[in-house]
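K.L.:
Starting off with a structure, shown below.
The values are calculated or read from the model by the stated rules, or taken from the named source; none is laboratory data. Source: prediction; values computed, not measured. Cβ placement follows ideal geometry from the backbone for every residue including glycine, while neighbour counts extend to all protein chains displayed. Just so you know, the surface numbers come from the protein's heavy atoms only, side chains and all, with ligands and any DNA or RNA stripped out. Shrake-Rupley method; radii C 1.70, N 1.55, O 1.52, S 1.80 Å.
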Amino acid sequence: MTISRDSILLDGLRQRAKAHMDDQDWQGAQTVLEAIVRQAPNDLASSIRLADTLFRQGQLQASTRPLLQAMRCLPRDAPLITDLTQHLIARGQTNAARACLDMLEQAPNPPAPLRVVQANLRLMLGQFREALALIEKAVEAGADGPGEMRLHGMLLHFNGRSEAACSVLEECLRRWPQYGEAAATLVDLRKQRPDVHRLPQLLEQLQLLPERPEDPGQALVRAEFEYAVFKTLDDLDRPEQAWQALSRCNALMHRLNPYRADMEEATVDALVHMTLPRQGTAEPVRPEGPTPIFIVGMPRSGTTLLDRILSSHSQVASAGEIVDFWRQLHWVADVVPANDGSLLRIARQGDDIDFEQLGLRYLKQTQWMARGRRFYVDKLPGNIQLVAFIRRALPHAPVLHMVRDPMDTCFSNFKAMFGNISPYSYDLKALAHYYLLYTRLVKHWHETLPGAMLDVSYASLVRSPETVVRQVLSHCGLEVEEACLRPERNADPVATRSSAQVRESIHMKGLGRWRDYALQLEPLREALAAGGCSVTSLDDTDFC
C-alpha cells in the first residue's frame, strides 16, 4: 500500500501537536492543529483536540466552532462520535449532541460498552426513558459490571420501576458487597423497615474498611457506607446511632470537598453589586415556541414536589434539573464553566452580556424538552443565583422560588449524600454560612427586581395544596387541573434525591424533621439565628 506524501505530512503534524499538548503548550498545539484541520477538515480527532486547546486557553466560544464544523461529515467511528458528543454537551450544544446520539443508534449490533456510554450520555441530556432502553440492551448484550448494574438500577428507579431497581441493586451488592455507591443508592430507594434492611451487611463492610483512610477513593467508599448506615438507622427511628454515622460520613466528605467560604462570599458580593442594563418600558416580545418555567431555591426545599405538581398539568412537561441556562450564560459571556470563580467573573462583566442572544440560545437548545406542550419546567435550585440573568434574557418566563423552614432545609441538605458536589452540605458551619448567603441574595432579588419571582411556601403547599397550586398555576398563566393535586399519579421520570418521596401523595411528613436531631443541630440553629433567620416555628412563610 502506497502512503501519500500528504498523509506523511499530516502524521508529522499530529505528532507535533501531541508533543505541544503533552508540554501543555496550548498556543503551540492550537497553531499546529489549525493547520491539520485546514488540510483535513474530516479529521474529527484533531478537531476535538483543537477544541480542547482553545478551551484550555479560556476561549469557550472558539472551542465550539471546530466541533460544530466536524458535524458536517462525521466518520464511521463510534468512540470518536461519543467523545464529540461529550464535548458538545459540555458547551451547551444539546441539539448537536442529540443528533450525534441519534446517528450512533443507527449502528447495527453495537457492542455492550458502546450502549453503556450512550445510556450515560442520554442520562446527561435528561432522556431517562431512552437511557433505560439503552442500558437494558447493553445488559442483554453482556454488560455485567458493578457500574453498569448501578446505572441500570438507578434508571429503573428514575422511570418509576422501584421494585425492579431494588432487585438489581441487591444483586449488585450480593456480587460486589464492597461497592459503596450501590449501597448508598439502594437505601435511598425505599424506607428501611425492621423486617427489611441491610444493616448487618453494611456494618460488616465498614469493619473491612480503614477507619481513617488517607486514600481519597477509600475515603469516599467509607463515607458511602456510613451514609447507608445513617439512612437505615434514621428510618428505623434510632436517631442517636444514626447521627454518629452521619457525622462520620460528613467528616469524610468535608475533608474530600472543602467548602470555599471566601469564593462563595465573593460570588454573592459580585451578584449583589453587579450592574445590568435596564429593561425597556415596552412589553417584551414573547418568543415563539414553548415557555420555560424556572423553579429555584435551596436544594431540598421542595422544588421536586413543585415540579411534579406543575408537570402533572396537560400543558406542562418537566425538563428536570438541567444546567442549560448556566451553560448558555457562560457561552455568551465566553467564560469557561467552572465551580470556582466562573460565575464571579461573569457577574463582574454583567453589563457586557448580550441578553437577547442568551435567551434565544437557551430556548433553541431546550424547547425540544417541552415534548409538544406549551410550557416546560427547568428545575435547578442553583439557578437562584441567576435570577437577574433569567429576567433579562427571558422576561416572559415565570420564576418560582421554593421557600422552606431554614432548619428543615439545612438538615435535609446535611443528611443528603450529594457525592463530590455541594461541599457546603457536609459541615454545619459551612451550611449556615451558605444558607445565610442564599437569604442575602434572595432579599436582594426581591428588592431590586420586584415581582421577578413568586415565593412558594413549602409548608403552605403541603397543608393547603389546592390554594397554593391555584396561585402557582395562575402566576404561570395556566388553568387549574385536578391532576396537579395528584402528583403521585404523574408517570413521567424523575431523577432527583426526592424521587422516592414525590411518588407519594402530598403530605406533611417533611415538616419539622430536624427536631429529631435538635440537640445535635443546636450549633446550626444558633448560627442561623445569629444571621437573622427565625428558626423557632414550623411556619416557613418567611424563610429568614
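K.L.:
With labels modelled as points extended 7 Å from the Cα through the Cβ direction, what inter-label distance (nm, one decimal) is found for Asn339 paired with Leu9?
P.N.:
Computed distance between label sites Asn339 and Leu9 equals 4.6 nm.
K.L.:
Per residue, how much accessible area does the stretch 273-361 show when a 1.4 Å probe rolls over the protein heavy atoms, in square angstrom?
P.N.:
Values: 3890 Å² over 89 residues.
Heavy-atom accessible area per residue stands at 44 Å².
K.L.:
Could you pull out every residue, at least 5 positions away or on a different chain, whose amide H is within less than 5 Å of the one on Ser318? Hs are placed 1.01 Å off N in the peptide plane, and Pro or chain starts have none.
P.N.:
Val377
K.L.:
Could you work out the helix-only [θ] at 222 nm for the chain, with each DSSP H run of four or more residues adding -39,500 (n - 2.57) and the total divided by the number of residues, to the nearest 500 deg cm²/dmol? Intermediate results must be reported in sequence, preceding the final value.
P.N.:
Working: 25 runs with 302 residues, N = 544.
Helices in the chain give a 222 nm mean residue ellipticity of -17500 deg cm²/dmol.
K.L.:
Whose amide H sits under 5 Å from the amide H of Val456, counting only residues 5 or more places off or on another chain, with H placed in the peptide plane?
P.N.:
His401, Met402, Val403
K.L.:
In whole Hz and in residue order, list the ³J(HN,Hα) couplings for the stretch 399-405 that follow from phi through the Karplus curve 6.51 cos²θ - 1.76 cosθ + 1.60, θ = phi - 60°; x for Gly and Pro.
P.N.:
So the Karplus estimates, Gly and Pro as x, are 10, 10, 10, 7, 10, 9, 3 Hz.
K.L.:
Which net charge results for the neighbourhood of Leu236, defined as the other residues with beta-carbon distances under 10 angstrom from its beta-carbon, given Lys and Arg at +1 and Asp and Glu at -1?
P.N.:
Details: positive: Lys191, Arg193, Lys231, Arg238; negative: Asp234, Asp235, Asp237.
My count for the surroundings of Leu236 gives +1.
K.L.:
In terms of modelled amide H atoms, which long-range or inter-chain residues lie less than 5 Å from the amide H of Ile295?
P.N.:
Asp378, Lys379, Leu380, Leu400
K.L.:
Next question. When Lys and Arg each count +1 and Asp and Glu each count -1, what net charge do the other residues less than 15 Å away from Ser46, Cβ to Cβ, add up to? Each step should come with its number before you reach the end.
P.N.:
Details: positive: Arg14, Arg16, Lys18, Arg38, Arg49, Arg65, Arg72; negative: Asp6, Asp11, Glu34, Asp43, Asp52, Asp77, Asp83.
That works out to 0.
K.L.:
Of the beta bridges DSSP finds with both residues in the chain, what % are antiparallel, to the nearest 5?
P.N.:
If we restrict to bridges inside the chain, about 5 percent are antiparallel.
K.L.:
Would you kindly give the portion of the calculated P(r) for the stretch 104-227 that falls above 21 Å, as a percent of all Cα pairs?
P.N.:
On the way: 3359 of 7626 pairs.
When every Cα pair of the stretch 104-227 is considered, 44 percent fall beyond 21 Å.
K.L.:
Taking all protein chains in place and a 1.4 Å probe, what share, in percent, of the accessible surface of the chain do carbon and sulfur account for?
P.N.:
On the way: 12150 of 24630 Å².
That share works out to 49 percent.
K.L.:
Excluding ligands and nucleic acids, what accessible area in Å² is computed for Thr82 using a 1.4 Å probe, to the nearest 10?
P.N.:
Roll a 1.4 Å probe over it and Thr82 shows about 10 Å².
K.L.:
Can you work out the base-10 log of I(q)/I(0) for the stretch 328-418 at q = 0.18 1/Å, using the Debye formula on its C-alpha atoms alone?
P.N.:
These q points yield log10 I(q)/I(0) values of -0.97.
K.L.:
At 1.4 Å probe size, with every protein chain present, just tell me what the per residue accessible area of the stretch 4-92 comes to in Å².
P.N.:
On a per-residue basis, the stretch 4-92 sits at 53 Å².
K.L.:
Now a separate question. Would you kindly state how much longer the chain becomes between Lys509 and Lys443 on full extension, computed as 0.36 nm times their sequence separation minus their alpha carbon distance, in nm to one decimal?
P.N.:
Computed gain between Lys509 and Lys443 is 20.9 nm.
K.L.:
What's the FRET efficiency of Arg190 with Asp144 using the Cβ-Cβ distance as r and R₀ = 25 Å, to the nearest 0.05?
P.N.:
Values: r = 25 Å, r/R0 = 0.99.
Between Arg190 and Asp144 the formula returns 0.50.
K.L.:
Okay, next question. Report the net charge of residues surrounding Gln30, where surrounding means a beta-carbon distance below 10 angstrom and charges are Lys +1, Arg +1, Asp -1, Glu -1.
P.N.:
Net charge around Gln30: -1.
K.L.:
Could I ask something else about it? Only one of the values (i) 45, 27, 24; (ii) 54, 37, 17; (iii) 38, 31, 24 was calculated from this structure for semi-axes √(5λ) of the Cα gyration tensor in Å; name its label.
P.N.:
(iii)
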